[in-house]
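Notes follow once the structure below has been shown.
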Amino acid sequence: MRRITVVLSLIFFLNLIFCLNCSAQQSGNVVVDFNGVPQVVTYQAYVPLHNEADVLPVMVCVGGLPSGPDECSDKPWIQFADKNKIVVLGLGFTFVKEDWPRKSSYQFAQAWSGQALLDVLDILEKIAPIDKNDLYLFGVSAGAQFSHRFALMRPDMVKAVAAHAAGGYGHPEEFISTKFLITVGENDTKAGSGISRLQFARIFAAACEEQGVGVDLRVIPGIAHRWIQEQNIMSRQFFLKVRRE
């Protein structure tokens, strides 16, 4: 894929370059050229207080439609970042409905959105001591589709994925070391494409188990296609568990 990356970021060098005594935020956007069409992706990163010797993991957060970069910028996530010295990176994508049947919308990381994440990580690497091969992906709905597909595309970079209520999945074709937490509402049974999100989740979990890939499927009682705080808590606990292993 021919790609032209145009960086239009607001880089706060005085606050971010190996900051020893402060936390900081970084925001901006990247543009990825996909088949002659510029795809603009916004991002917002929170870099916690860290020491010179620290190398920070990155939690990548992508919400559902509409997708904005501030999905994981509330107090519990910032406290999680500070306590565990994890960079929180939110991505914002524009969904083009006509791209969905062609598998070229942002939910399909292998098309162009995965490259956008790589470009943002390249930016962050220059201004903060991150480890690009120590990623933890959090996604809701359409964001869950992007998150798990990026992990399937680059399992060498992704330690764990917490994917909630995805409306479609790719499947691992071989063993990968990435671990998955999959949640879905027990009433998320509307089958717009012939298969419900509940069925999609169960099929993906079975595919992971067949390949020996670590997967934890949890069906959330009493909800349909919704996202509740319990899933955020599950995700944070899951990421910490994987980091301890």
Worksheet item: So, of the residues in region 16-35 that are at pLDDT below 90 and part of a loop (DSSP other than H, G, I, E, B), which turns out to be nearest to A116 (Cα to Cα)?
Response: I17
Worksheet item: If you go through region 214-230 one residue at a time, do you hit one that is in contact with a strand residue (DSSP E or B) (Cβ under 9 Å, 6 or more places away or on another chain), at pLDDT 95 or above, surrounded by 22 or more Cβ atoms within 10 Å (Cβ to Cβ) and among the small types (G, A, S)?
Response: no
Response to the item:
Within region 208-245, of all residues that are among the small types (G, A, S) and not in a helix (DSSP H, G or I), the one nearest to L181 (Cα to Cα) is G214
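If you scan region 61-102, which residues turn out to be of a type in the set (V, I, T), within 19 Å of Q26 (Cα to Cα) and in a loop (DSSP other than H, G, I, E, B)? Step through it out loud before you land on a result.
Going residue by residue through region 61-102, those that are of a type in the set (V, I, T) are 62, 78, 86-88, 94, 96.
Checking which are within 19 Å of Q26 (Cα to Cα) leaves us with 62, 78, 86-88.
Of everything in region 61-102, just one residue is of a type in the set (V, I, T), within 19 Å of Q26 (Cα to Cα) and in a loop (DSSP other than H, G, I, E, B), namely I86.
A quick yes/no check of all residues on (1) in contact (Cβ under 8 Å) with a residue 24 or more places away in the chain; (2) over 21 Å from S67 (Cβ atoms); (3) of a type in the set (A, V, I, L, M); (4) part of a strand (DSSP E or B):
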site: F138; (1), (2), (3), (4): yes, no, no, yes
site: S147; (1), (2), (3), (4): yes, no, no, no
site: L152; (1), (2), (3), (4): yes, no, yes, no
site: Y169; (1), (2), (3), (4): yes, no, no, no
site: L198; (1), (2), (3), (4): no, yes, yes, no
site: R202; (1), (2), (3), (4): no, yes, no, no
Item to complete: Quick one: which residue in A207, A201 is touching a His at 6+ places or on another chain (Cβ under 8 Å) and either buried (at least 16 other Cβ atoms within 10 Å of the Cβ) or at pLDDT 95 or above (or both)?
Response: A207
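The values are calculated or read from the model by the stated rules, or taken from the named source; none is laboratory data. This structure is a prediction, so every number in the text was calculated from the model and none was measured. A quick note on method: Cβ atoms are made from the backbone with ideal geometry, for glycine too, and the neighbour counts reach across all protein chains shown.
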